[in-house]
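Right, one structure below, let's go through it.
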Amino acid sequence: FPVTIPIVQTHTTNVAVLGVVISLLREEKKIKQGQFAKQINMSSPSVSKIEQGTNTITYDTLLQIARALNSKVSEILNTTETLCDLLVARGIQVFDTDKEIQENTKKGKQSTSIQVYMSGKILKNLIKNSDKLYPKARNVQ
């Protein structure tokens, strides 16, 4: 009888990648999460959710984040976009929303694919430890 080998499809969202970028920039600046939360007038749990990619943010919040990190919104967004491109090049699907992931998963129910969602924490470990993806995204070689 034929054996069907499942295909593993790994995916994440733009929001999760953005959260990882914010977290890595914060750590780069040696700012503790609680201190950072105070700087941007948010609670630590809210900042944690942003960094894990489970909360979306407004432009105003992104502007506050950029200022607290002594960065620019464009730098944060460019790094996020470059990281998304690098992840896609490695076979990881990057979706705009969780809804898009759900729709894609429903389509794949008849197939033999296994869907693996990369949360912010897993994604962060991959980015930090895999061929220096983060420095590549920041153009820091």
The answer for the net charge of residues other than Ile40 whose Cβ lies under 14 angstrom from its Cβ, with Lys and Arg +1 and Asp and Glu -1, is +4
Carbon/sulfur accessible area of the stretch 16-92, % of total, 1.4 Å probe, equals 48 percent
Residue by residue through the stretch 37-42, the couplings from Karplus 6.51 cos²θ - 1.76 cosθ + 1.60 with θ = phi - 60°, in Hz, x for Gly and Pro, are 4, 5, 4, 9, 6, 10
Ranked output for segments 44-57, 16-29 by mean other Cβ atoms within 10 Å, highest leading, reads 16-29, 44-57
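The values are calculated or read from the model by the stated rules, or taken from the named source; none is laboratory data. The structure displayed is predicted, hence computed values, not measured ones. With ideal geometry, Cβ positions are generated from the backbone for all residues, glycine too; neighbour counts draw on all protein chains shown. What goes into the accessible areas is simple: the full protein's heavy atoms, side chains included, and nothing from ligands, DNA or RNA. Shrake-Rupley method; radii C 1.70, N 1.55, O 1.52, S 1.80 Å.
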